[in-house]
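After the structure tokens below, expect a handful of questions from me.
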Amino acid sequence: MTKDEKVQLTHHIRNRIELTGGNIAAFKAGSVPVSPDNAIGRLTRMEAINSKSINEAALRKARTTRALLEKALRTIDSEDFGLCRDCEEPIAFARLMAMPEAALCVACASRHE
């Protein structure tokens, strides 16, 4: 990875971390418990409970993604950053831009699926 690509990727990761932080705040707001004394209909209450569950799952995923992005940002200057965990070949820059937290190249990720 060139120095310019590393700078571009660092900027991109920081933007993604900021965006993910905003998503986390929104998912937290959607994960508040549904009050039983709230005067909404039975079906609406069920929809609210279902929506809460979806938001909680999205919140967990967003927190995991943010942690992986923060790890990528911390390790971007290491020798191993951008190398596939399995085959130790460089991960394509386009893949790192799409998924900075990627630990596998496309070929190895396909084999794991």
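Given the criterion over 17 Å from residue 22 (Cβ atoms) and open to solvent by less than 70 Å² (accessible area, probe 1.4 Å), identify the matching residue among 92, 58, 62, 67.
92
Kindly evaluate residue 78 against the criterion of being surrounded by 13 or more Cβ atoms within 10 Å (Cβ to Cβ) and polar (S, T, N, Q).
Against the criterion (surrounded by 13 or more Cβ atoms within 10 Å (Cβ to Cβ) and polar (S, T, N, Q)), residue 78 does not qualify.
Condition check: touching a Lys or Arg at 6+ places or on another chain (Cβ under 9 Å), modelled with pLDDT of 90 or more and under 20 Å from residue 97 (Cβ atoms). Does residue 9 satisfy that?
No: the conditions fail for residue 9.
Do any residues in the range 65-87 that are in contact (Cβ under 8 Å) with a residue 40 or more places away in the chain have Cβ atoms under 9 Å from those of residues that are in a helix (DSSP H, G or I) and open to solvent by 80 Å² or more (accessible area, probe 1.4 Å), where the two are at least six apart or on different chains, and which pairs are they?
69/14; 73/14
Residue 31 - would you say it is modelled with pLDDT under 95, among the hydroxyl-bearing types (Ser, Thr, Tyr) and surrounded by 13 or more Cβ atoms within 10 Å (Cβ to Cβ)?
When the stated conditions are applied, residue 31 passes them.
The values are calculated or read from the model by the stated rules, or taken from the named source; none is laboratory data. None of these values were measured; they are calculated from a predicted model. FYI the Cβ positions are ideal-geometry reconstructions off the backbone, even for glycines, and counts take in every protein chain you see. Side chains are part of the model used for accessible areas, which takes the heavy atoms of the whole protein and leaves out ligands, DNA and RNA. Shrake-Rupley method; radii C 1.70, N 1.55, O 1.52, S 1.80 Å.
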